[in-house]
Amino acid sequence: MYSLNSAEQALFAMQNAAFQLSALSEHTGAAVEGIDLSEPVDEATRRDLNQAFAENSVLVIRNQTLTAQQFVGAVENFGDIFQQHNTRFALPECPQIHYLSNKDHYEDGKRYIPGEGYHTDHSNDAVPPKATVLLAVELPDKGGDTQYVNMHEAYEGLPDDMKERIADLKGIHVYQSKHSERKLMALSPERQKQVAQTVVHPIVKTHPVTGRKSLFINPIRIEEIIGMPDSEALPLLDELLAHAIQEKYQYRHKWQQGDLAMWDNRCLLHKANGDYDHDQTRYLYRVMLKDDA
């Protein structure tokens, strides 16, 4: 297997007996073509797909036409399914899958755009999901891209004094931070009892598969940094975010019908863009995967 971590491999393309793999950017993302995940795959292909995911952080498997149950089967090639926190979006016929739609609204009538603002999914869980997987079911004619930020690259690009400053810091994550500009849909009373109220994660995490360090921040979920007053913590978090979301650390995905895109929550931020005609529908299936660590 090849890795995209080296500059000379930025344009790599790997031929596999079951699929073709090609780079989507210099540091993040690979496209998979030539495979149909509505059918079972053999163990060698499953191993190769998982290695491609670990090395590239974003994997986009093209041209997938899947029922809800087939989507679950496809995702299980990469691990066990994680129960998502807000069950209001679960498909009645297949509750393991949640939907993302631009047709939902807040109680005040404002349109809900799922995935707005840079974040990582469910970091308020003691063991957040290792991956999020989306399947494009219906897309607008244009717009609605998803932007991914490679937090390995962002961490490695920090000056040494900042790396030293944040090395031992820990953040407290909650369902929705009081500092968040984005408003989340409220949990049901039953789910509020089941979802952890607060969890602690280090600001710098080591990836359990690759061993690379990355920033682990989430503007929507971080409530505070332990041992640091907000007057210091908030400017620090703003500085780290501004550094991380520089274009050089990003891959911007332009969705195609039938894309099955999965990304590594342990080392990426992402956000969805609402820059499309909302008379049109943007509708995707979503499943998350449990972390192996």
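Structural remarks
- Tally of residues being over 30 Å from Val204 (Cβ atoms), part of a strand (DSSP E or B) and touching a residue at least 24 places away in the same chain (Cβ under 8 Å) across region 101-131: 2
- Residue match in region 151-166 (condition: at pLDDT 95 or above, closer than 29 Å to Ala90 by Cβ and of a type in the set (Phe, Trp, Tyr)): no
- Any hit, region 221-242, residues being at negative phi, modelled with pLDDT of 95 or more, assigned to a loop (DSSP other than H, G, I, E, B) and under 19 Å from the mean Cα position of the chain (by Cα): no
- Criterion (at pLDDT below 95 and crowded, with 18+ Cβ neighbours inside 10 Å) met by exactly one of Phe53, Phe19: Phe19
- Just one of the listed residues (Ala54, Ala154) is of a type in the set (A, V, I, L, M, F, W, C), assigned to a helix (DSSP H, G or I), under 20 Å from the mean Cα position of the chain (by Cα) and farther than 30 Å from Pro40 by Cβ, and it is Ala154.
- Restricting region 271-285 to residues that are within 20 Å of Thr120 (Cα to Cα) and part of a loop (DSSP other than H, G, I, E, B), the residue that is modelled with the lowest pLDDT: Gly274
- When Leu59, Leu134 are screened for being touching a Leu at 6+ places or on another chain (Cβ under 6 Å) and either of a type in the set (Ser, Thr, Tyr) or in a strand (DSSP E or B) (or both), only Leu134 passes.
The values are calculated or read from the model by the stated rules, or taken from the named source; none is laboratory data. Values in this document were obtained by computation on a predicted structure and should not be read as measured data. Quick reminder, even Gly has a Cβ in these numbers, built from the backbone with ideal geometry, and neighbours come from all protein chains shown.
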